[in-house]
1. Which pairs turn up if I take residues in the range 106-128 that are basic (K, R) and look for partners that are at pLDDT 90 or above with beta carbon separation below 9 Å, at least 6 apart in sequence or on another chain?
2. Which members of the range 46-81 meet the condition of being surrounded by fewer than 19 Cβ atoms within 10 Å (Cβ to Cβ), of a type in the set (V, I, T) and closer than 18 Å to F118 by Cα?
3. Looking only at the range 21-38, which residues are of a type in the set (A, V, I, L, M, F, W, C) and farther than 12 Å from G51 by Cα?
4. Evaluate the range 162-172: report whether one residue or more is buried (at least 21 other Cβ atoms within 10 Å of the Cβ) and in contact (Cβ under 8 Å) with a residue 24 or more places away in the chain.
5. Which residue, of G29, G42, is crowded, with 18+ Cβ neighbours inside 10 Å and at pLDDT below 95?
6. Looking for something over 11 Å from the mean Cα position of the chain (by Cα), modelled with pLDDT of 85 or more, part of a helix (DSSP H, G or I) and surrounded by 13 or more Cβ atoms within 10 Å (Cβ to Cβ) - is there at least one such residue anywhere in the range 115-133?
7. Only one of these conditions is not met by A157: (1) outside any loop (DSSP other than H, G, I, E, B); (2) within 15 Å of V40 (Cβ to Cβ). Which number is it?
8. Only residues that are in a strand (DSSP E or B) and either of a type in the set (S, T, N, Q) or touching a residue at least 60 places away in the same chain (Cβ under 8 Å) (or both): list them for the range 26-46, please.
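The values are calculated or read from the model by the stated rules, or taken from the named source; none is laboratory data. Here the structure is a predicted model, which means the values were calculated and not measured. Glycine gets a Cβ as well: all are built from the backbone with ideal geometry, and neighbour counts include every protein chain shown.
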Amino acid sequence: MRPEREDRGDGELVDKLVSINRVAKVVKGGRRFGFAALVVVGDQKGRVGYGSGKAREVPEAIRKATERAKRNLVRVPLREGRTLHHDVAGHHGAGKVLLRAAPAGTGIIAGGPMRAVFETLGVADVVTKSLGTSNPHNMVKATFDALTNLAAPRAVAARRGKKVSEIIGRRSETEE
C-alpha cells in the first residue's frame, strides 16, 4: 500500500471527464479496440488531481482514471477562494499554458481541458491561454505544472522572512 498524501474526504469530490480516446491494436484476426480516458477530480475548494486510465471498455477506463486522479490530489492556494494569487506559466512537452488572475465577475475564460481543471478546483475567475499543442493530456499536465508553481503570499513571506502585508502591499502597487 502506498502512503496517502492527504486526508481523504471523498464524499464531496467532483469528477469531470476530459477526453476519451479509442486506440486499436492490430492482431492476427483484425483489430482489438481499447479506450483511454482522462479524468480531472476536485473538491471545488482548492484541491484537484488528474488521472488517466486504459481498458477494453469505456466505463472501466473512466473508473481507473478516476481512482488515479483521487490518488494524485494537490492543494492549490487561492486568493479569496475564487482566483489565483498571481500570473503563472506552465509547460509539459509541447503544451504551454498561461494562467492569469482575474477580477471578480470575469468567470472562467479557458479552453476545454483547462476549463475542467478550474471548475473542479473551484476557481471562479481566471483568464488562460493555451500556447502550443491542443492535446488534452499535455494541456492538463501543463496546467498542473503551472498550478504547482503558484505561491501563496503567506508562504513567500515565510520564505523571505517578511510580513504578509509587505508582500501584498507590493502587489497592489504594481497592479495600479
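1. R115/K16; R115/I108; R115/I109; R115/T128
2. The answer is V74, and nothing else.
3. The first filter runs over the range 21-38 and keeps only residues of a type in the set (A, V, I, L, M, F, W, C), leaving 23-24, 26-27, 33, 35-38.
V23, A24, V26, V27, F33, F35, listed by residue number.
4. Taking the range 162-172 and keeping what is buried (at least 21 other Cβ atoms within 10 Å of the Cβ), we get none.
Scanning the range 162-172 turns up no residue that is buried (at least 21 other Cβ atoms within 10 Å of the Cβ) and in contact (Cβ under 8 Å) with a residue 24 or more places away in the chain.
5. On the way: G29 fails: crowded, with 18+ Cβ neighbours inside 10 Å.
Testing whether each residue is crowded, with 18+ Cβ neighbours inside 10 Å and at pLDDT below 95 leaves just G42.
6. Within the range 115-133, the first condition is being over 11 Å from the mean Cα position of the chain (by Cα), and the residues that meet it are 124-133.
Adding the requirement that they be modelled with pLDDT of 85 or more leaves 124-133.
Okay, now just the ones that are also part of a helix (DSSP H, G or I), so none.
No, the range 115-133 contains no residue that is over 11 Å from the mean Cα position of the chain (by Cα), modelled with pLDDT of 85 or more, part of a helix (DSSP H, G or I) and surrounded by 13 or more Cβ atoms within 10 Å (Cβ to Cβ).
7. Condition (2) is where A157 drops out.
8. Of the residues in the range 26-46, the ones in a strand (DSSP E or B) are 26-27, 30-42.
Those that are in a strand (DSSP E or B) and either of a type in the set (S, T, N, Q) or touching a residue at least 60 places away in the same chain (Cβ under 8 Å) (or both): L38, V40, V41, G42.
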